[in-house]
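Read the structure below first, then the notes.
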Amino acid sequence: MVTIEPPDAGGRAPLAFARLYADAAGESHFAPLAVAVTERLFAPPARPFWVSPLEEAARQGFLIVPAGWVGELHPSPLRMWIFVLGGAMEFEASDGERRALPTGSALLLEDTTGKGHASKVVGTADATLAVVQMPVAPA
């Protein structure tokens with residue numbers, strides 16, 4: 001379980017996201033996800049800025065999901081981040097909780113087993129997504 005960490009002295013609060021995971025019984029649920037950031041030199045000689053820990057990524061790509069598309073319950077094919085670049089999506093965990101993802105939002109999909117989630121495009125515009133797949137679940 002991911003916990004929310006307090007900011008370092010003089011630091012910044014963690015970034016707040018949601019994750020979708022499957023429990024031992026195969027039900028999917030949303031949970032808060034906090035990503036800590038620390039100030040560091042990331043691109044010298046540019047000035048420092050706030051950076052999260054970097055995770056291994058397996059693949060990345062883009063999806064254009066047409067307006068009106070509905071995906072019935074399905075598990076995520078891999079652990080992955082989705083970033084909504086345009087349009088809007090809605091995700092529903094198997095426990096019935098729904099989350100709207102407007103343009104600019106992100107969700108970590110970790111429900112690679114069990115019942116999975118349902119998803120759909122909301123509104124009249126296609127949804128444009130960036131996806132970053134990770135090779136394995138975190139230890």
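What follows is calculated from the coordinates using simple rules that are stated; it is not laboratory data. Fair warning: this is a prediction, and the values are worked out from it, not measured in the lab. In this analysis, Cβ positions are derived from the backbone assuming ideal geometry, glycine residues included, and neighbour counts consider all displayed protein chains.
Label-to-label distance, T113 versus V70, with points set 7 angstrom from Cα along the beta-carbon direction: 3.0 nm. Remark: the Cα gyration tensor places region 75-139 in the oblate category, a/c being 1.5 or greater and a/b not exceeding b/c. When you count the other C-beta atoms within 10 angstrom of each residue and take the mean per peptide, 82-94, 37-49 line up highest first as 82-94, 37-49. Kirkwood radius, region 23-136, all distinct C-alpha pairs, inverse of mean reciprocal distance: 15.5 Å. The modelled label-to-label distance for the pair L41/A18, using points 7 Å beyond Cα in the direction of Cβ, is 4.0 nm. Under the simplified labelling scheme, the V136-L63 pair shows an inter-label distance of 2.5 nm, with each label point 7 Å from Cα along Cα→Cβ.
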